[in-house]
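As structure tokens, the structure follows; a few thoughts come after it.
The values are calculated or read from the model by the stated rules, or taken from the named source; none is laboratory data. From a predicted model like this one, the values you see are computed outputs, not experimental measurements. In this analysis, Cβ positions are derived from the backbone assuming ideal geometry, glycine residues included, and neighbour counts consider all displayed protein chains. Note: accessible area is taken over every heavy atom of the protein model, side chains too, but ligands, DNA and RNA are not part of it. Shrake-Rupley method; radii C 1.70, N 1.55, O 1.52, S 1.80 Å.
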Amino acid sequence: MKKSELQPEESAIYFHRYLNKINDETALIEGFETSKKEVVRFFASIPASKLDYRYQAEKWSVKEVLQHLIDTERVFLYRCFRLGRQDDTNLASFNQDDFIVPSGAAHKSIEKLLEEYVSTRNHFISLLKSFTKENLCFIGNCSTHPLSARAAAFIVLGHELWHIDIIKERYL
């Protein structure tokens, strides 16, 4: 299943900024496999002196951005799971800022964070491999907006590209 098959009505307009980061020819599972390697390589290449850097006092550090990617992926994994099982319950939103301090990202090593990332990504890939096309195309609701299982998955790929671009522009 390629990103080009995704229809605009499968997600809220807010998420289109992430979806627009993804090449239309990106296949879902292969995209998850490829981006896993790229994300690990990217964060592992950041100098240790930059991992706790914030470009403004109130902004997250590089390690906290990585934790945010992990936590967001966990939330969207759960959403994808529920939608793929054709659950039409309105799924709740979450406040990303409330997650950072309790995550303890500032006290984790980059190796520990990357271990969390890979573990979460592998779990998501396993879930995606278990779904049929019908599962992936099911559209439910999230925060009263439409969301399909496949859109939830593709959003994760675009979301990490979004944040990597920000890190390149403002942190490095």
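Within segment 15-53, being open to solvent by 60 Å² or more (accessible area, probe 1.4 Å) and without any contact (Cβ under 8 Å) to a residue 12 or more places away in the chain holds for 30, 34, 37, 38, 41, 45, 47, 49.
Quick grid of which residues meet (1) crowded, with 17+ Cβ neighbours inside 10 Å; (2) over 21 Å from residue 16 (Cβ atoms); (3) among the acidic types (Asp, Glu):
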position: 111; (1), (2), (3): no, yes, yes
position: 115; (1), (2), (3): no, yes, yes
position: 132; (1), (2), (3): no, yes, no
position: 140; (1), (2), (3): yes, no, no
position: 152; (1), (2), (3): yes, no, no
position: 155; (1), (2), (3): yes, no, no
position: 159; (1), (2), (3): yes, no, no
position: 164; (1), (2), (3): yes, no, no
position: 172; (1), (2), (3): no, yes, no
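Between 38, 25, 5, the distinction of being among the charged types (D, E, K, R), within 24 Å of residue 142 (Cβ to Cβ) and over 13 Å from the mean Cα position of the chain (by Cα) belongs to 5 only. Residues in segment 61-109 that are open to solvent by 70 Å² or more (accessible area, probe 1.4 Å) and under 18 Å from residue 154 (Cα atoms) were compared, and the one that is modelled with the lowest pLDDT is 93.
Here residue 84 qualifies as of a type in the set (Gly, Ala, Ser) and within 15 Å of residue 148 (Cβ to Cβ).
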